[in-house]
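For reference, the structure is listed below as structure tokens.
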Amino acid sequence: RPRDTALTACLTLSPGGGTGFVGRALTQLLRSRGHQVTHVSRRGGKDRISWEELSRSGLPPCDAVVNLAGENVLNPFRRWGDAFCREVTSSRVETTKTLAKAIAAAEQPPRAWVLVTGVGYYRPSPTAEYTEDSPGGDFDFFSRLVSSWEAAALIPGSPTRGVVVRSGVVLGRDGGAISQMLLPFRLGLGGPMGSGLQPFPWIHIQDLSGILCHALETESVQGILNGVAPSSPGTSNGSFAQELAAALGRPALLPVPAWAVRAVFGAERAVMLLEGQRVLPKRTLESGYHFIFPELPAALKDIVA
């Protein structure tokens, strides 16, 4: 359904392609609703400008800016160390600062400024439930990263409406967590990670794009929104493995021991896979967003069909 009032949106794509698949899905959705999209990426071209042009000439005229940039934290081919930590931080915090600065300096500031961060802001716990108002952001590398990232987006005194979407694990066909899991699960070699009891906060790619589009189009939406499915607080890593295997018609019998996860990803990153948070999309639902895939079986069926 094309909108009566079309937006022109500026979308940043991840330098390392880590959130490229969210960028593609959101671009497709916005264009299908009659909005114009310009990408900010390494190189300029048709419907895109480079970071260099942005620094030199400022923000092109637009109604909204969305920042999806960020090096893929769970890249198993990158060893966890100081250099990678710096890259992970600068790909998030520096790009956000650059965009916030460009918005602040714009003659006609955009109406909306939307940032996608992560539920790593909340402390992992098998029992605690978190809403957008829950505290966090100060106990490990990832939570502090989200705090710095969100702080970098603040533009004091700006008329631009700010929205932060804290996303769970994004499930989709051509990228994200599932793309790395499909092969072992199709071969019947999939299973839970570690104990399998840890919460698994998830969201379907269509819903993450949908929430972002809703945030751009709805003038009353601002502040923090949790980007997780309504049923995700009840999903454990083990139940996710069972549901994915069932969607593929395979068994999920082979748990991945915690030591193996730590060996591949390093202790700091392994926490993201071996521990989790029960996160509720309270403000997201209150803002009037209707989920397309609130339940896991339907979400997985759509992805692996």
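The values are calculated or read from the model by the stated rules, or taken from the named source; none is laboratory data. In this text, all values refer to a predicted model and were calculated from it rather than measured experimentally. Here Cβ is always computed from backbone atoms with ideal geometry, including for glycine, and neighbour counts include all displayed protein chains. We work out accessible area using only protein heavy atoms, side chains counted, and drop any ligands, DNA or RNA first. Shrake-Rupley method; radii C 1.70, N 1.55, O 1.52, S 1.80 Å.
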Relative contact order (%) - criterion: Cα under 8 Å, at least six apart; region: region 168-305 | 36 percent
Excluding ligands, DNA and RNA, what is the solvent-accessible area per residue of the chain at a probe of 1.4 Å, expressed in Å²?
-> 46 Å²
How many nm separate the modelled label positions at Trp259 and Arg42, each set 7 Å beyond the Cα in the direction of the Cβ?
-> 3.9 nm
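Just subtract the alpha-carbon distance of Ala267 and Ser90 from 0.36 nm times their residue separation and send over the number in nm, one decimal.
Stretched out fully, the Ala267 to Ser90 stretch lengthens by 61.6 nm.
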Sort out for me the Cα centre separation of region 229-244 from region 78-153, rounded to whole Å.
-> 25 Å
Heavy-atom accessible area of region 155-305 with neighbours in place, 1.4 angstrom probe: carbon+sulfur share in percent works out to 61 percent
In sequence order, what are the phi-derived ³J(HN,Hα) couplings for region 114-119 according to the Karplus relation 6.51 cos²θ - 1.76 cosθ + 1.60 with θ = phi - 60°, rounded to whole Hz, with x for glycine and proline?
-> 10, 10, 9, 10, x, 6
Taking Lys301 as the anchor, which lysines have their alpha carbon closer than 27 Å to its alpha carbon, excluding any fewer than eight residues away along the same chain?
-> Lys282
With θ set to phi - 60°, apply the Karplus curve 6.51 cos²θ - 1.76 cosθ + 1.60 along region 163-180 and write out the HN-Hα couplings as whole Hz, x wherever there is a Gly or Pro.
-> 10, 10, 9, 8, 8, x, 5, 8, 9, x, 6, 10, x, x, 4, 5, 4, 7
Given H placed on each backbone N at 1.01 Å, which residues far from Val37 in sequence or on other chains put an amide H within less than 5 Å of it?
-> Ala9
Simple SL model, points at 7 angstrom along Cα→Cβ for Asn75 and Ala104; separation in nm is 2.9 nm
Which value at 222 nm does the chain reach when only helices count, each DSSP H run of 4 or more adding -39,500 (n - 2.57), with the total divided by all residues and rounded to the nearest 500 deg cm²/dmol?
-> -11000 deg cm²/dmol
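At a Förster distance of 25 Å, what's the computed FRET efficiency of Leu189 paired with Ser231, Cβ-Cβ distance as r, to 0.05? Spell out each step's value before the answer.
Working: r = 27 Å, r/R0 = 1.06.
Efficiency, rounded to the nearest 0.05: 0.40.
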Using only Cα atoms, figure out Rg for region 69-170 and give it as a multiple of 2.2 N^0.38 Å.
-> 1.17
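I need the calculated FRET efficiency for the pair Leu285 and Ser179, taking r as the beta carbon distance and R₀ as 25 Å, to the nearest 0.05. Mind showing how you got there, number by number?
Values: r = 28 Å, r/R0 = 1.13.
In this case the efficiency is close to 0.30.
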